[in-house]
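Below is one structure; the comments refer to it alone.
The values are calculated or read from the model by the stated rules, or taken from the named source; none is laboratory data. Just so we're clear, the structure is a prediction, and the values are computed from it rather than from any experiment. So basically every Cβ, Gly included, is an ideal-geometry build from the backbone, and we count neighbours across all protein chains shown.
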Amino acid sequence: MHTELTQAVSFGRSSLTNHASSADHPRHSPWIIAMHWFSALLMGVAAGTVLLREMVEIQSFRILLMDLHRQAGLIILVGLVLRLAIRLRTGMVDYATHASKIMRFAALMAHISLYFMLAALPILGWAVCSAHETSLHLLGLMPLPNITEADADLADTLTDYHVWLAWGMLALVVLHIAAAFWHHLVHRDGVLVAMTPQPSKD
C-alpha cells in the first residue's frame, strides 16, 4: 500500500512538472502560430466541402460547397504568401537541434514540400476554373484574372493533377502530424509545443 501511494505521488509530481515545463516552453511568434492553425482549418474546409459535395444531389447546395472549396483554397494561397513573408522577416527558431543532419534535412524537405503543395493546389484549382471559363472572386469581392485559356480537355487534365496533388498533400500532412508527435512523445523536445498557443497563466 505504501509503495502504491509513493508511486502515485511520484506520478502526480511528474505530471505537474511536465505540465509546467510545457506551459513555460518557448513558442513561435503568435502570428506564425495563428497562420499555421488557420491554414490547417482552411485545409479541412477545402477537403470537407469536396467530400460532402460527392454525397449530396441538390444542385444549389453542390454549387455552394464548390464555392466554399474555391474560397478556402484562395485564402490558403494568400495566407501562404503572408506566412512566408513573416518567416523571412522574423525567422524560425529550431527546437530540434539534437536531431541528426539527415533528420534535419528530411524535415526541411518535408516543410518545403508542404509549402509547395499549399501553393500548387490553389493555383491548379484556379487554372481549372479558368479552363472551365468559371470566374473567380476572392471573398466574392476581388475579381481574379484567368490564368489559362478556355479548354475543356485541359480542364479535365488539370483536375486530375489537382486530385493527385490533394492525395499527396494528405500523405504529407499525415507524415507531418506523425513527426510532430514523434518529437513530443519520443524525443520530448519542444517542436510540437512551440506551435501551440500560449496558455493563460491565470
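May I ask you to say which residue of M92, M55 is at pLDDT below 75, surrounded by fewer than 16 Cβ atoms within 10 Å (Cβ to Cβ) and either outside any helix (DSSP H, G or I) or of a type in the set (K, R) (or both)?
When all the criteria are applied, what remains is M92.
Give me a count of the residues in region 156-177 that are farther than 21 Å from H111 by Cα and out of contact with any helix residue (DSSP H, G or I) (no Cβ under 7 Å at 6 or more places or on another chain).
Number of matching residues: 3.
For I86, state whether it is touching a Phe, Trp or Tyr at 6+ places or on another chain (Cβ under 9 Å), at pLDDT below 90 and surrounded by 12 or more Cβ atoms within 10 Å (Cβ to Cβ).
yes
Here is a yes/no grid of residues against (1) within 22 Å of H36 (Cβ to Cβ); (2) at pLDDT 90 or above; (3) among the acidic types (D, E):
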| site | (1), (2), (3) |
| --- | --- |
| L124 | no, yes, no |
| A127 | no, yes, no |
| H132 | no, yes, no |
| G140 | no, no, no |
| E149 | no, no, yes |
| T157 | no, yes, no |
| H162 | no, yes, no |
| V173 | yes, no, no |
| I177 | yes, no, no |
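Would you check which residues across region 116-171 are in a loop (DSSP other than H, G, I, E, B), over 23 Å from the mean Cα position of the chain (by Cα) and surrounded by fewer than 15 Cβ atoms within 10 Å (Cβ to Cβ) and list them?
E133, T134, S135, G140, L141, P145, I147, E149, A150, D151
Take R27 and tell me if it is outside any helix (DSSP H, G or I), under 21 Å from the mean Cα position of the chain (by Cα) and either at pLDDT 50 or above or loosely packed, with under 10 Cβ neighbours inside 10 Å (or both).
So R27 passes the test.
Would you call I75 modelled with pLDDT of 85 or more, out of contact with any Asp or Glu (no Cβ under 8 Å at 6 or more places or on another chain) and closer than 26 Å to M142 by Cα?
yes
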